[in-house]
């Protein structure tokens, strides 16, 4: 059925007609104020002194042990990825303690049964989360080093504990990682060293050796389950007038909520494992938070961090655009923790107990009027602030660096408040000296560069990272640069100036970081650099001078078997490029170009299309609007390969829901091979091969190009574009041969 559906082009056309490319961030007039359904330490509740038996029942638990409440159906799946199973929807946090143990209760909900049938989407597998991590965070001693949430060294190319990318600004000194499927994996308690980093040895203790236990029950102990019903925007979590319902009484299209789809986890943690006592908790209090996860990131938490959990909710997961980027972003956790035992020093939000009729929150007073204040922060660079910015203004945040030695390598990320700022800088313009590999497809932006032979010169001072923003809303917004690694080479020894986000002191090396916020934008220079990226095709880069009017990006394919169908999405930056033409030269596709910055395309041909030689798959030509750096990305959603057999066609999907597959092991596709290529060329009025620009291609052009290779002459940028006679993005001796073939009439 799956393959048949993908071959019905009329269905794909229908999907294109209703598809909308939406990138919506969490934004609200009062984005700092969650709706009143969210509560932390309601009614002054800090947990109870009681003994809990960890037996997979909820008989010992009661609502007066609740120390924080979130909301139902406020997780990213609500807005993108509602088809997925393993719904991690955090609802309420409970606590109790006796003389020996701290007891924690974590209530998860799955209210999608009010509109889905059993077994569908998030009700698959009984609506349970399966083998995904759930995480508890505690702040036992506020004066201790706070955990970053990262490991000292990468494991499986990830710094996040258990591969989960989240960074803690809120103080936690103990993190507990466990599987939502009790009895699987090796649950463990993590602490940190003096830098805030953890590891899987010294700072990792399995539950079994720490005396920690946990069980689950398929139920819900809450008398009310407040949550979102209909919502189009994540910003509804800040709006008391959104469609909030009590799922204990609400009736949806499929009926009332069955609490057997919900899950309650109970834990016992000996105070000896925490290095504290019950009297300390009673007198001073400790902080707590818990998380549900999916993929490589946190997806929901209680107390609720409304910005970090939803800032990328409607953006696309890199492995498939039908699920949320929240599955892979690095969340910066800033929410105050719920308190256990006593209030302590942490700020406790004051919220109503039970909002039977939600009321509109009071808008905070802006002391400077309808303007924006921007704070530029960093772990390495000093903080800068600029106030009085109006909606529509542009500003540039610059992190300038001056060092006594050149930099061999660096790894960084830049995050910003996307509800108040829209970033305008892309690609290598973000890191003009280092360049390197930059992923600017989401928030945070990630970058890294390395070259031990030709190191990066900041000895005279230069912009390390710079970004231009447009102001979207008033209030306060933060831009944060986290430098994770920065290294210098002393002889043959690599020394860390910054390691695991911690700034180091290196003998003989001085680092002078400064930051500033300027009016206006980044000065990009007189060239345009176009990056062609894709989940299937090779990456390519082309740089063009100010005389270039048009640029063509060609994604090319060679396949040992013919292509049956395809579905794709092409995105581009409308501030630097405008679409001129787009095509699939070997097919007659259905194209939707109605959304600026996005093109949807698909085709189906049961006669199959041959790409036996490297040929154009998707070709897009753009008018050049500006300079700097920009990216054109082709996301191949589905790509079906056909294998004719007597009376039928076998199908295999080289790309399935955005994920590139190895299909050579499937029946009929043994030995299948493919290769890709991406070309970026100027597409102006020069004639390919006309090196002397006289309007004809002849032997004089071949001679002129040979003289250029022998360094007898120079060529202008327009001449060099014309010299690329075979249009492979390079100028070399093959172009001389191509000119001779053109002159001889072998090719047109």
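Could you work out how much longer the chain between residue 509 and residue 387 gets when fully extended? Use 0.36 nm per residue separation minus the Cα distance between them, nm to one decimal. Don't jump to the answer; show the numbers that get you there.
Numbers: separation 122, 0.36 × 122 = 43.92 nm, distance 3.47 nm.
In short, 40.5 nm is gained.
Within segment 528-682, what percent of beta bridges assigned by DSSP are antiparallel, to the nearest 5?
Working: 56 of 63 bridges.
The antiparallel proportion sits near 90 percent.
Within segment 34-68, find all residues whose amide N lies under 16 Å from a label point positioned 7 Å from the Cα of residue 182 along Cα-to-beta-carbon.
Of the residues in segment 34-68, 52-62 have backbone N under 16 Å from the label point off residue 182.
With the contact rule set at Cα under 8 Å and sequence spacing of 6 or more, what percent relative contact order holds for segment 372-519? Mind dumping the intermediate values first?
Working: 391 pairs, mean separation 60.0, N = 148.
Across segment 372-519, relative contact order equals 41 percent.
What distance in nm separates the simple spin-label points at residue 208 and residue 687, each placed 7 Å from Cα in the Cβ direction?
Result: 7.9 nm between the two label points.
By DSSP, what percent of the beta bridges with both residues in segment 55-340 are antiparallel, rounded to the nearest 5?
Working: 58 of 63 bridges.
If we restrict to bridges inside segment 55-340, about 90 percent are antiparallel.
Can you give me the distance in nm between label points at residue 279 and residue 156, each placed 7 Å from the Cα along the Cα-to-Cβ direction?
4.5
Return one number: the angle in degrees, 0 to 90 and rounded to the nearest 10, between the long axis of the Cα atoms of helix 733-743 and the longest principal axis of the Cα atoms of the chain.
That works out to roughly 50 degrees.
Exposure proxy check: 83, 171 ranked by fewest other beta carbons within 10 Å?
On the way: 83 13, 171 20.
Ordered by Cβ neighbours within 10 Å, fewest first: 83, 171.
In which sequence would 267, 299 go, from the one with the fewest C-beta neighbours within 10 Å to the one with the most? Don't jump to the answer; show the numbers that get you there.
Details: 267 23, 299 26.
Sorted ascending by nearby Cβ count, the order is 267, 299.
How high is the relative contact order of the chain, in percent, counting Cα pairs under 8 Å that sit 6 or more residues apart? It would help to have the intermediate numbers written out before the result.
On the way: 1910 pairs, mean separation 87.9, N = 748.
Normalised by residue count, the contact order of the chain is 12 percent.
I'd like the distance between the alpha-carbon centres of segment 408-433 and segment 44-113, rounded to an integer number of Å.
First find each Cα centre; the distance between them is then 37 Å.
So how much slack lies between residue 169 and residue 583, counting 0.36 nm per residue of separation and subtracting their Cα-Cα distance, in nm? Could you put the intermediate results ahead of the total?
Working: separation 414, 0.36 × 414 = 149.04 nm, distance 4.75 nm.
Difference between extended and current length: 144.3 nm.
Provide the FRET efficiency to the nearest 0.05 for the residue 120-residue 256 pair, computing r from the beta carbons and using R0 = 22 Å. It would help to have the intermediate numbers written out before the result.
Values: r = 17 Å, r/R0 = 0.78.
Here the calculated transfer efficiency is 0.80.
Only one of the listed values, [x] 30.3; [y] 36.8; [z] 38.7, was derived from the coordinates as mean projected area of the Cα convex hull in nm²; which label is it?
[y]
Quote the FRET efficiency, to the nearest 0.05, computed for residue 733 versus residue 696 with a Förster distance R0 of 25 Å and r equal to the Cβ-Cβ distance. Let's see the in-between values first.
Details: r = 21 Å, r/R0 = 0.86.
The formula returns an efficiency of 0.70 here.
Hey, rough spin-label estimate for residue 713 and residue 490, points 7 angstrom out along Cα→Cβ, what's it come to in nanometres?
A separation of 5.4 nm, rounded to one decimal place.
Given axes a ≥ b ≥ c from the Cα gyration tensor, I'd like to know whether segment 138-186 is rounded (a/c under 1.5), prolate (a/b larger than b/c) or oblate.
Details: a/c = 2.65, a/b = 1.30, b/c = 2.04.
Oblate is the answer for segment 138-186, as a/c is 1.5 or above yet b/c matches or exceeds a/b.
Efficiency by 1/(1 + (r/R0)^6): what FRET value for residue 747 and residue 706, r their Cβ-Cβ distance, R0 = 22 Å, to the nearest 0.05? Present the calculation step by step, with values, prior to reporting the outcome.
Numbers: r = 19 Å, r/R0 = 0.87.
Efficiency, rounded to the nearest 0.05: 0.70.
Against the longest principal axis of the chain, how steep is helix 9-18, in degrees 0 to 90 to the nearest 10, with axes from Cα atoms?
With rounding to tens, the tilt is 70 degrees.
Report the Stokes-Einstein translational diffusion coefficient (µm² s⁻¹, integer) for segment 699-743, Rh taken as the Kirkwood radius over Cα pairs, at 37 °C with viscosity 0.692 mPa s. Could the numbers behind the result be given before it?
Details: Rh = 10.3 Å.
Calculated translational D: 319 µm²/s.
In what order do 326, 153, 468 fall by count of nearby beta-carbon atoms within 10 Å, going from fewest to most?
Details: 326 30, 153 11, 468 23.
Ordered from fewest to most neighbouring Cβ atoms within 10 Å, 326, 153, 468 come out as 153, 468, 326.
Taking only DSSP H segments of four or more residues, each worth -39500 (n - 2.57), what value at 222 nm results for the chain once the sum is divided by all its residues, to the nearest 500 deg cm²/dmol?
On the way: 8 runs with 60 residues, N = 748.
The helix contribution divided over the chain gives -2000 deg cm²/dmol.
Every number here is computed from the coordinates shown, using simple stated rules; none is lab data. Note that this is a predicted model, so its numbers are computed, not measured. Methodologically, a virtual Cβ is constructed for each residue, glycine included, from the backbone with ideal geometry; neighbour enumeration extends over all protein chains shown.
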